[in-house]
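*Asks:* Quick one: this structure, given as structure tokens, is what I'll be asking you about.
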Amino acid sequence: MILVTGGTGFIGRILVSHLVTLGYPVRLLLNPSRDYPKLPRGVSVEVAISSMNDERNLRASMKDIDTVFHLVGTEWKGIHAEYEEVDIRAARMFSNVAKQMNVKRFIYMSHIGADKSSAYNLLRAKALAEGAIRESGVPYTIVRSGIVYGQNDHFTSTLRDFVMKTRGPLLIPGGDATLIQPIWVEDLITALMLCMDDDATLNQTIYTGGIETFTFREVLELVMQTIRKKKRIIPVQSSILRQIYIANEQWFPKHIPMYFWLDYMAEDRITALDILPREFGLMPTRMTQNIDYLRNE
């Protein structure tokens, strides 16, 4: 049986749907909450309820589990991200329990650019979570991914809303143009599932990314071209823009959350352009030909 954390998120829902369609028994781990979870529609799964620091319930949730997909992350909460509690401590606790329960493969979703000496909270937290998983002794596969896009994502959909709802020009990080390598969610899911059954990925860190690289401005312009909406773009010094984004999320919580992009764009987040064909025999989808869904969301 397969256990998925973060199974109600953008990537998790699609992964769970694919696993169930292929006949795998799946159990979702849900955090106790008053909110109704956004469970994948039309798929039959088991559900376990446990907080990430409840060792007893975590052990129960991993009974009869062979493979874990650990997808939980909090960067999309912007200034309210809980990196220490959710990303780092949860990875440590969860991987230790997985080791105790003899889980055969622990697959963790990380980010290209993860570095425990990074000055940026997101990239530092991901690297510390990776380290905790390695130290646990559980058989692992760490997948460092480029930014993931697809219908109802946190990336292109956020940028579409940023364009549509911002009055006046669009303020973006200025300075040196760092590069990102977006990957379509279906390509990422295929790579994750191939890792599950490939012994060559055991106790390895795997990189995934699309076949194109972009600057933030280029992606924003691509989004505007797709939704046929043109606005002026003004590059702003990152330190100043950081204060603007923090103020917006504190004072106007319903505004489009953009703070996390400052960490995403802090440095190049790219790998080899042929990584998916070379490592997985998979030809990546081009982002320039694959975001028409933005017109219909």
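*Asks:* How do Lys231, Lys165, Lys126 rank when sorted from fewest to most other Cβ atoms within 10 Å of their own Cβ?
*Replies:* Lys165, Lys231, Lys126
*Asks:* Moving on to the next point. If you take the charge dipole of the chain about its Cα centre, with +1 on Lys and Arg Cβ and -1 on Asp and Glu Cβ, which of Ala129, Pro284, Thr178 is farthest toward its positive end?
*Replies:* Thr178
*Asks:* Angle, helix 121-136 long axis vs. longest principal axis of the chain, Cα atoms, 0 to 90°, nearest 10?
*Replies:* Value to nearest ten degrees: 10.
*Asks:* Run the quick spin-label model on Leu22 and Glu218: label points 7 Å from Cα toward the beta carbon, then report their separation in nm to one decimal.
*Replies:* Those two pseudo-labels are separated by 3.1 nm.
*Asks:* For the residue pair Asn53 and Glu135, what label-to-label distance in nm results when each label sits 7 Å from Cα along the Cα-to-beta-carbon direction?
*Replies:* Once both label points are built, they end up 1.7 nm from each other.
*Asks:* Using the structure shown, list the pairs from Lys63/Lys126; Lys99/Lys126; Lys126/Lys231 with a Cα-Cα distance above 31 Å, or answer none.
*Replies:* Lys126/Lys231
*Asks:* By how many degrees, between 0 and 90 and to the nearest 10, does the Cα long axis of helix 185-196 differ from the longest principal axis of the chain?
*Replies:* Taking the Cα atoms of the chain, the angle to 185-196 is about 30 degrees.
*Asks:* Would you compute, from DSSP H runs of 4+ residues alone, the mean residue ellipticity of the chain at 222 nm, taking -39500 (n - 2.57) per run and dividing by the full residue count, rounded to the nearest 500?
*Replies:* Computed mean residue ellipticity for the chain: -10500 deg cm²/dmol.
*Asks:* So, one more: Quick one: putting +1 on the C-beta of Lys and Arg, -1 on the C-beta of Asp and Glu, what dipole do you get for the chain around its Cα centre, in Debye to the nearest 20?
*Replies:* For the chain, the charge dipole is close to 860 debye.
*Asks:* Would you mind telling me the antiparallel percentage of the DSSP bridges in segment 102-250, rounded to 5?
*Replies:* If we restrict to bridges inside segment 102-250, about 5 percent are antiparallel.
The numbers here are math on the coordinates, done by the rules we state, and not lab data. The shown structure was predicted, so the numbers you read here are calculated from the model rather than taken from an experiment. All Cβ positions, glycine included, derive from the backbone under ideal geometry; neighbour counts span all protein chains shown.
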